Each structure stands twice: as C-alpha cells, then as structure tokens.
Amino acid sequence: MSILKIARMGHPVLCRRAEDVADPGAPEIHALADDMLQTMQDAPGSGLAAPQVYVSLRMVIFRVPLTDIEEIAGGEPPLTVLINPILEPLDDEMVTEWEGCLSLPGLRGLVPRYAHLRYRGVDLAGAPIDRTVEGFHARVVQHECDHLDGILYPQRMTDLTGLIFESEMRHRIAEARARER
Ligand code: NI
C-alpha cells in the first residue's frame, strides 16, 4: 500500500469525465482502493475520488456513519467503496453547508446540495449498493461523485462570497454565533 499524490485544482485529470470500471473485482482495482484509503487517512479526509489520485476511473471511497446507532457507538465509521455510481436526487430540496476538498487545500466553500439522495453502484466484490440517504452522507456522495464528472465544489456554488480560506473560518463562526444571540 502507498500514499499517493493528490491532484490539485487546475490539473486536467480533475476536469474530465472518468471512465467506467470494467471489472470491479480486478486486482488492480483492489490495490487502487487500498492506496486511496491510505491516502485519505493520511490527508486526512472523509472522502476521495480516483481522479484525485490521477486515475480517471469511476470509483470513490468515503466514510460516514450509516446509522444513528453507529454515530452514537463512536469509533471509525465504516468505509464505503462505491464503483460506477448512479445518483438520483429524491426531491428538489437543497441544503447549503461548508465543504472542503483535498484538491483545494486551505479553502472552504458554502455549497448547495440535494438534501435527499438515492445512490446505487457496486462494491469491490461487484455486489450492488443501493442506499437512500440525507445529511452529511448525501453531501459526501454528491461531492465525491462530482469528481467523476470533472466538477469541483466551487462550480456548484451560487454565491462565491462563501469561498474562503480555512484560516478565516473563525470569523464566519463568530458571525454565526453573534446572530444566534
Ligand atoms: Ni473533493
């Protein structure tokens, strides 16, 4: 296993549509998943798409608590390897929240995403994945799968005043707290 270099915004691999994975069970796909996991843990991040490590294939990995019980139990949320994904927003409701991306180090953006999402695909054994999700889980999947279509989160933003440096987040947090009072 190795920690791979992460492509940064501006590299063409992040701008193109990635190819379908022909054989999810192939040894090189398993090896890629292992390397992506190590790379994501090292970064650290909660998700990573194959194009971010210069491999133009439709595969993403991410960690989110799948159920409330897992959330309460704590520990490390389970890893999902999602291959050849298909996303289906379940309604028009959008939620705007902060996102970051390992390909845009040091930046954060307020990004609208579909609130309710069904996604399908296969895992490394070729077994089907079919989940209906919301919240952070729905956001991560939309963010990671956008990478497979050459889309980075600023392209989803509707107000670029919400694109800021991580080091300035404290000002936004202070403003939000002041508004709550
Ligand atoms: Ni990203």
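The values are calculated or read from the model by the stated rules, or taken from the named source; none is laboratory data. Note that the structure is a prediction, hence the values are computed from the model and not measured. Here the Cβ is made from the backbone with ideal geometry for all residues, glycine too, and neighbour counts use every protein chain on show. Ligands, DNA and RNA are excluded from the accessible area calculation, which covers all protein heavy atoms including side chains. Shrake-Rupley method; radii C 1.70, N 1.55, O 1.52, S 1.80 Å.
Charge dipole (Cα centre; +1 on Lys/Arg Cβ, -1 on Asp/Glu Cβ; no other charges) of the chain amounts to roughly 600 debye. Ligands, DNA and RNA are left out, and with a 1.4 angstrom probe the accessible area of the chain is 55 Å² per residue. Note on the range 87-153: with charges restricted to the Cβ of Lys and Arg (+1) and Asp and Glu (-1), its dipole about the Cα centre is near 180 debye. What shape does the range 1-40 have by the C-alpha gyration tensor, where a ≥ b ≥ c are the square roots of the eigenvalues, rounded means a/c under 1.5, and otherwise prolate means a/b greater than b/c and oblate the rest? Verdict is oblate for the range 1-40.
Measure off 7 Å from each Cα along the Cα-to-Cβ vector at Arg156 and Arg131, then give the distance between these two points in nanometres to one decimal. Output for this residue pair reads 1.5 nm.
Extending 7 Å from Cα along the Cβ direction at Ile86 and again at His171 yields two label points whose distance is 4.6 nm. Our estimate of slack between Gln38 and Tyr54, defined as 0.36 nm per intervening residue step minus the Cα-Cα distance, is 4.2 nm. Helix-only arithmetic for the chain: the sum of -39500 (n - 2.57) across DSSP H runs with n ≥ 4, divided by the residue total, places the mean residue ellipticity at 222 nm at -8000 deg cm²/dmol. Applying a DSSP loop filter and a limit of 15 other Cβ atoms within 10 Å to the trypsin sites (Lys or Arg not before Pro) in the range 15-71 leaves Arg16, Arg17.
You can think of it this way: the chain between Glu71 and Glu28 has 12.2 nm of extra reach, that is 0.36 nm per residue less the Cα-Cα gap.
Packing, taken as the mean count of other beta carbons within 10 Å per residue, orders the peptides 157-163, 97-103 from highest to lowest as 97-103, 157-163.
Computed from Cα positions, the angle between helix 27-42 and the longest principal axis of the chain comes to roughly 30 degrees.
Positive end of the dipole of the chain (Cβ unit charges, origin at the Cα centre): among Ile72, Gly106, Leu14, the Cα lying farthest that way belongs to Gly106.
Mean silhouette area of the range 1-141, derived from the convex hull of its C-alpha atoms and averaged over all directions, reads 8.8 nm².
Relative to the longest principal axis of the C-alpha atoms of the chain, give the angle of the C-alpha long axis of helix 135-147, reported between 0 and 90° and rounded to the nearest 10°. Between helix and principal axis, roughly 60 degrees. Take 139-150, 4-15, 107-118 and order them by the average number of nearby Cβ atoms within 10 Å per residue, most first; the result is 139-150, 107-118, 4-15. Over the chain, with every protein chain in place, what whole percent of the accessible area is carbon and sulfur at 1.4 Å, could you tell me? Exposed carbon and sulfur together represent 53 percent of the surface.
Counting only DSSP beta bridges whose two residues both lie in the range 7-100, roughly 90 percent are antiparallel.
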